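Here the structure comes first, spelled out in structure tokens, and everything after it is commentary.
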Amino acid sequence: MDKIKRILGIVWLLLALAAAYFCIFIFGLPKFTTGKQDDLVFGIIILFILTPLIVLGLGTFGYYALIGEYDTEK
């Protein structure tokens, strides 16, 4: 079971990278070029509030799972 947790740690880290890519390049930055105020506010929220929360949450969880912090032996 501990090996599965470590493998899933790698999966969570990869999900953090994928979420960072999608939040920045797909959802965030294109909203700045439309010129609408609604899109600008949405882009700011995505880039500066949601992206760090999502990426740091997934990355921290994946890192701790990868180093074995959630093992049953501790």
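Overview of values
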item	result
Every residue from the stretch 60-74 that is outside any loop (DSSP other than H, G, I, E, B), under 11 Å from Lys3 (Cα atoms) and among the small types (Gly, Ala, Ser)	Ala65
Pick from the stretch 1-55, criterion of a type outside the set (A, V, I, L, M, F, W, C) and in contact (Cβ under 8 Å) with a residue 24 or more places away in the chain, ranking: nearest to Asp71 (Cα to Cα)	Asp2
Search result, residues across the stretch 27-44 that are exposed (fewer than 11 other Cβ atoms within 10 Å of the Cβ) and in a helix (DSSP H, G or I)	Gln37, Asp38
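FYI, it's all coordinate maths here, none of it is from the lab. The shown structure was predicted, so the numbers you read here are calculated from the model rather than taken from an experiment. Ideal geometry is used to build each Cβ from the backbone, glycine not excepted, and the neighbour counts take in all protein chains shown.
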